[in-house]
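Colleague: Got a structure for you, questions after.
What follows draws every value from the coordinates through simple rules; no lab data is involved. What you are looking at is a predicted structure, and each value in this text was computed from that prediction instead of being measured. Virtual Cβ from ideal backbone geometry, glycine too; neighbours counted across all protein chains shown.
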Amino acid sequence: MFDRLMKVTFFVCGFAALATALSFAQEPAKLLVAETSVSPVSPMLYGLMTEEINFSYDGGLYAEMVRNRTFHQHWPHFEFWTVVAHGSAEAAMGEGATGPSKALPKSLKLTITGAAPGNEAGIGNPGYWGMAVRPSSSYTGSFYASTDAANRVHARLIADDTGATVAEATVDLPQSDWTRYSYTMRTGREIKASSANHLEITFEQPSTIYLQLASLFPSTYNDRTNGNRADLMKMMAEMRPHFLRLPGGNYLEGDYINERFQWKQTIGPLVDRPTHRSPWNYQSSDGMGLLEFLEWCEDLKIEPVLAVYAGYSLRGDHVNPGKDLEPYVQEALEEIEYVTGDATTTWGAERAKDGHQAPFPLRYIEIGNEDWFDKSKSYDGRFEQFAKAIRAKYPQYKLIATTPVKTSSPDVVDDHYYLTPDEFFAQNRKYDAMDRNGPKIFIGEWATRTGSPTPDFGAALGDASWMTSMERNSDLIVMASYAPLLTNVNPGGMQWATDLIGYDALRSYGSPSYWAQVLFAQHIGDHTVKTAVTGANPLLFWSATVSSGDKVLHLKLVNASAKSQPLSVDITGVKAGAATMYSLHAATRYATNSITDPDRIRPVTTTVSVAGDSWKHEVPGNTIQVIDIPLK
Ligand code: AHR
């Protein structure tokens, strides 16, 4: 329902018709690049935006292997859990009216009426479309239990197809009230990496056992406890991001006010997190809580762009500015203190208690998300109230509004674009002529939406054309983040088509759009230089930036037409010799990468000979080129 296009005026149809009607130039087009600096490139331009959508965290980045570990998904159906009874064992599961904490007051009650060593009974979990198991690897499990008799527990990772145990551990359980137990299991060298595995937790003796928070983790990026999948973190690092916009998106707002991202319920021990329903229709474990978001930033050496809930939820509930809004403003002020306060502040001390003594860096705070949807028109008043309170306490931070406001002046306004390739081509010049005296622009969500689950090459062309526009205008556009970033590609895993990176439990891959972003972000200068193109086909897009320190010109050329574009290039100050060129090309716009064919479209590195200031060049059809040209 939110799959809507941006509130921009299109002149797409006319433009597309013009593009196809024109016969492309046979003569080389002229590309002039002057040394004259035009404007600075924002050092924060490229960043990340994610939320709990498409199983981005649970079943994605957040490395937890157990699905529905707190049994809260559609309570009391114990979704994804089954009774396991080996041999003559017998057991049943039902609702447990007791739990290990105030946040988790209920549990799974396992009644074992028959069991013995070798004939154990217990429960099984299939993970998020399987559990990835690799050779010579360790897995750390834990669970809370309350038992009426001593027991011996077996935790096993079992291959779905053969029933073979690929890793196991035992835990001795005394008779006791709620207690946390943990174990480690290790796979042998001989096993094959596979996601066709499940977890069984079984017991040797008949008894009644209450279970809660059954968790299992592989090793994680930077070996963080409760951490992230290494492959996905590495893919994000390749994108050279500068920030993470967190925690969403719609996920910040929730469908209803009580389903918003309540940051206080996402911090501290996992057993104190009640979990909540995401607006994307599944239960969030909240294992990816506020501190985990911040540590993810720390691991990638990027800064958080903190979005605070601003009194509007997706189904239309809103809080009136004034007295009613005060608790939400207070909630935001405390959240900022949790992120930035030192350990002498109330919430800074709470963060230190949660394991992170040092405050996190912060410069940008976003008030709400997509408040142009708010039919009550309360955003002006809500923004003003938040801005006044935040600026009074934290004058150093830049405030982002999610739609233009009249009553107060935001430092930045967040514009979102979800368009087709043709629509992005038509928008390419939009910001070139825009007034530079208003607030700066944050393009907090953008994507060319063709291809599913991940973008096809047509989308990569749309994205690359848009990036040339953002780079040319990055004196105005200070930050940009593609959305959504992640999707689990299993059936039922995706709620929003066209996501930059796809994965299952074991594998991950970058879409053509991902590789376009990697190329653009890895080769960007600190200022733009003057460019002019004449005689080119209307689907040629470009930007030129210079890295002053390295003396390199980064020339980006996007030929979104199917025909080759010859160019006669004139660039002043070039060092004659070899320049490195990175190309992304596909035969058609429909070509793409997938989980089973992840490398079909990848950047190819070659060199081009640059014969001084003037030289000939050709950009094949359906091609994105990034050329690093050494300067004198
Ligand atoms: O990126 C998907 C959704 O699109 C975001 O949650 C929301 O902000 C936008 O409507």
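Colleague: For the range 169-176, take each phi angle, set θ = phi - 60°, evaluate the Karplus expression 6.51 cos²θ - 1.76 cosθ + 1.60, and give the result in whole Hz per residue in order, putting x for glycine and proline.
Modeller: Coupling constants for the range 169-176: 8, 10, 9, 8, 9, x, 5, 6 Hz.
Colleague: On a C-alpha basis, how far is the centre of the range 481-542 from the centre of the range 371-440 in Å? Whole number, if you could?
Modeller: Each part's Cα centre sits 24 Å from the other's.
Colleague: Another one. In whole Hz and in residue order, list the ³J(HN,Hα) couplings for the range 549-559 that follow from phi through the Karplus curve 6.51 cos²θ - 1.76 cosθ + 1.60, θ = phi - 60°; x for Gly and Pro.
Modeller: Those phi angles translate into x, 7, 6, 10, 9, 9, 9, 10, 10, 10, 9 Hz.
Colleague: So for M434, M233, M239, fewest C-beta neighbours within 10 Å to most, what's the order? Could the numbers behind the result be given before it?
Modeller: Numbers: M434 13, M233 20, M239 23.
By the 10 Å Cβ count, ascending, the order reads M434, M233, M239.
Colleague: Percent antiparallel among DSSP beta bridges with both residues in the chain, to the nearest 5?
Modeller: Details: 105 of 144 bridges.
Percentage antiparallel, nearest 5: 75.
Colleague: Still on this model: Which percent of Cα pairs goes in each bin when the distances of the range 82-217 are cut into 10 angstrom slices starting at zero?
Modeller: 13, 43, 34, 10, 0
Colleague: While we're looking at this one, here's another question. Please work out whether the chain counts as rounded, prolate or oblate from its C-alpha gyration tensor, where a ≥ b ≥ c are the square roots of the eigenvalues and a/c under 1.5 means rounded, while otherwise a/b larger than b/c means prolate and anything else oblate?
Modeller: On the way: a/c = 2.36, a/b = 1.61, b/c = 1.46.
Cα axes put the chain in the prolate bin.
Colleague: Neighbouring Cβ atoms within 10 Å as the yardstick, rank L246, L399 fewest first.
Modeller: Details: L246 25, L399 21.
Ascending number of Cβ neighbours within 10 Å: L399, L246.
Colleague: Something else about it: By count of other Cβ within 10 Å, fewest leading, how are V171, V308 ordered? Please list the in-between numbers first.
Modeller: Values: V171 17, V308 24.
Arranged by neighbour count, lowest to highest, V171, V308 become V171, V308.
Colleague: Return the whole-Å distance between the Cα centroid of the range 548-602 and the Cα centroid of the range 95-154.
Modeller: Centre-to-centre distance over Cα atoms comes out at 53 Å.
Colleague: Related question: Kindly give Rg over Rh for the range 123-192, based on alpha-carbon atoms, with the Kirkwood expression for the hydrodynamic radius.
Modeller: Details: Rg = 13.6 Å, Rh = 13.3 Å.
Rg/Rh for the range 123-192 comes to 1.02.
Colleague: Give K30/K430; K102/K388; K264/K323; K234/K530; K264/K388; K406/K530 a once-over and call out the pairs whose C-alpha atoms are over 28 Å from each other.
Modeller: On the way: K30/K430 23 Å; K102/K388 35 Å; K264/K323 21 Å; K234/K530 35 Å; K264/K388 23 Å; K406/K530 35 Å.
Distance filter (> 28 Å) returns K102/K388; K234/K530; K406/K530.
Colleague: If amide hydrogens are placed 1.01 Å from N in the peptide plane, which non-local residues have theirs closer than 5 Å to the one on H527?
Modeller: Answer set, sorted by chain and number: V41, V546, S548.
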